[in-house]
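**Student:** Questions regarding the structure given below will be posed in turn.
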Amino acid sequence: MTRTTIRCIAFLTAAVAARGQAPNLVPSMAAEPQPQTAPAPSQQRPPQDPTQGTSKFLGKDLPALDIGNEVISWDGKVWKITDNRIFRARFEKFLNAAEQTTEEEQEYQALLARIMALLAPETVDSSKVNDAWSLLPKASKYRIDANLCDSLANAVYTVWLSKREVSRIQLAQKVLTEEKRSLEWNARMRSENNRLGETPPKNPALAQQWSKEQELKRDLGLQPYLTRLVEVNAMMQANRLKTQASELQAKIEFQALVMQFFLQRRFQHVVIASRFYRSIFADGDTKLAVGKETEKLLTDASGLPPTLGVLDSLASEAMRDVSEGVEAFRFLLGKNELASATERLSETFVLGEYMPEVRSLKRDEKRVALKFAQLSNQLLSALEVKDYERAEQTCKELQSLATDFDTSKPMAAIETARTVSSMHLAKARTAAVSGDRATLEEQLRLATEIWPRNPELAKVSAAIFSQTDVQQQALVDLDRLIQQKNYRQIFEDKVRFIAATALYPDRQETLRKVLDDMQIIEGAVIRAQEIARRNDHAGAWESIEKVFKDFPDDNKLNQLRADFTTHAAEFVRSLRTAQDLERKDQTGSSLAWYLKAQGLYPPSEYARDGIERLVQKILPAEG
């Protein structure tokens, strides 16, 4: 696709999507760690904002697209276009879905093709416009259409009604024009008749009095004509304004619908709607009547003036690019180049999710790409939590699966982590020999932060503490804290305990279980806090609740749970009431409370699972 097209479509869709739930920031796959720090995946550098922070859209900074890095910057955050939580969910759903090659899908596409053929500029006339309009309600009956054709049919019908109203106004205007001419003629005749007939007296005083009486008589005679003439002029002016307003309102509503289709990536509907527009508005004016902010957004994104023709050409270019993207995906898939194939498919899906070429892809072809996408996500997760052994294993799996997978970045991160961790362990050995306990503990801490699961870490720690009282004291403290169930203190002092249990496999296994559990708790805490930053307190509470059932004794988890319960009190109360009623077998009341909870927080998994259980209980599936 041309740079102009992809900038405009991605720029505009990002602006609309950003108004809803913003995706999580996604780190790039690899970046070399700095000395003294863990080799964490790096964030993409935000692109330069072309508006320099002065333009606003929906009350926020304008989103800015960096084509080179495929990232979008908006409201101070940076996302990779095809690598965020919302996109991954939709993309994996698409990859698991069956191909849409049913007879119903073919009939729907045939209807859209028929409508576009009827509205083709070289053959269109009024009868074909009527025929095309009559097909819109038929197309809207198909599930894939989502009643968009029905909305378009209503918009066209609204324009026709507006034109009928304009015709009636023009007819009334013609009648008023005739009346105006008649009034002007009568007034002129009345004025001239007053000057004929009687002659003024010769006496100057009487002549002056007579002249005043004649003027008064003329004014009284002309008054009805002049009054009605003012009324007629006012009515004609009002009709002119009403005609202009009616036509402008019809255009604005129709253009808004076309813009909506474009932002929804319904490019076939954009083409159909633009052809209807040109057929029913014959004045040739296709300039989009949008606000200054939207006009600037369109101009900055495409570099072109905001017209219906621009949207039409961008939609046509997008449809062509989707077709080529699918063709490229199949070619790369046949060459076993899964990395490029999956990337091409994700780009094509972002652009043309509703296009027939995308929807007709076979499930078996998509499942191959799904395997690669899942492994790629696992690699990102392993690098993020610094599980470099798992990351290396995943790299090998990806390399065996896709011949074009580039292992240079992730392997650079893995090897760098190993090197830096080994350097810290060497410094720890030196500090142990010299008796520098502070340096010893600091170097072990740094080595643990860089690579928590480094196999060499346990060996070095065991050698260092084998002949010191530090190990024994650490073991005593560990046993005491485990007895007190003070797992958080163990987690905070994990470096010392990892070293102390190096020669005790049973305690090492216990400590590993504690640390794994605490990592789960910390992950849940971080995840819930991130969700809460988006003011999604119900989602944060639900995230904490899932982990709280397994770890009810953790103080930090308890505190967060209480805080989120306060912020999402109504949702939590509804959910708990539903659960209590379900335990009491009060199915109807429980279902009502579950539905209320789902209404307060639609993504709730607890509400959804409860509804599914109760529905299954009320209407059990037939064997």
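The values are calculated or read from the model by the stated rules, or taken from the named source; none is laboratory data. A quick note: this is a predicted structure, and the numbers were derived from the prediction, not measured. For neighbour counting, all protein chains shown are included, and Cβ atoms are generated from backbone atoms with ideal geometry for every residue, glycine included.
**Student:** What is the residue count in the stretch 380-396 for residues that are of a type in the set (A, V, I, L, M) and within 25 Å of the chain's Cα centre (by Cα)? Talk me through it step by step, then tell me what you get.
**Tutor:** Filtering the stretch 380-396 down to residues of a type in the set (A, V, I, L, M) leaves 380, 382-383, 385, 391.
Filter again for within 25 Å of the chain's Cα centre (by Cα), leaving 380.
Residues that pass the stated criteria total 1.
**Student:** Of the numbered conditions (1) under 28 Å from the mean Cα position of the chain (by Cα); (2) over 16 Å from Pro356 (Cα atoms); (3) small (Gly, Ala, Ser), Ala146 fails exactly one; give the number of that condition.
**Tutor:** Unmet condition: (2).
**Student:** Going through the stretch 425-448 one residue at a time, which ones are under 24 Å from Cys395 (Cβ atoms) and over 44 Å from the mean Cα position of the chain (by Cα)?
**Tutor:** Selection gives Leu425 alone.
**Student:** Output the qualifying pairs, or none if there are none: Cβ atoms under 6 angstrom, residues six or more apart or on different chains, first residue in the stretch 507-528 and touching a residue at least 12 places away in the same chain (Cβ under 8 Å) and part of a helix (DSSP H, G or I), second residue buried (at least 17 other Cβ atoms within 10 Å of the Cβ) and acidic (Asp, Glu).
**Tutor:** Ile521/Asp554
**Student:** Which condition number does Asn377 fail, the rest of (1) surrounded by fewer than 20 Cβ atoms within 10 Å (Cβ to Cβ); (2) modelled with pLDDT of 85 or more being met?
**Tutor:** Only one criterion is unmet by Asn377, namely (2).
**Student:** Looking only at the stretch 324-347, filter to residues that are part of a helix (DSSP H, G or I) and closer than 13 Å to Phe405 by Cβ; which one of those is nearest to the chain's Cα centre (by Cα)?
**Tutor:** The residue in question is Glu343.
**Student:** Scan the stretch 367-425 residue by residue and report those that are assigned to a helix (DSSP H, G or I) and among the acidic types (Asp, Glu).
**Tutor:** Glu384, Glu389, Glu392, Glu397, Glu415 - these are the residues of the stretch 367-425 that are assigned to a helix (DSSP H, G or I) and among the acidic types (Asp, Glu).
**Student:** Further question: Being modelled with pLDDT of 85 or more and out of contact with any helix residue (DSSP H, G or I) (no Cβ under 8 Å at 6 or more places or on another chain) is the requirement here; does Ala412 meet it?
**Tutor:** Yes.
**Student:** Hey, another quick one. Kindly evaluate Thr101 against the criterion of being polar (S, T, N, Q) and touching a residue at least 40 places away in the same chain (Cβ under 8 Å).
**Tutor:** So Thr101 passes the test.
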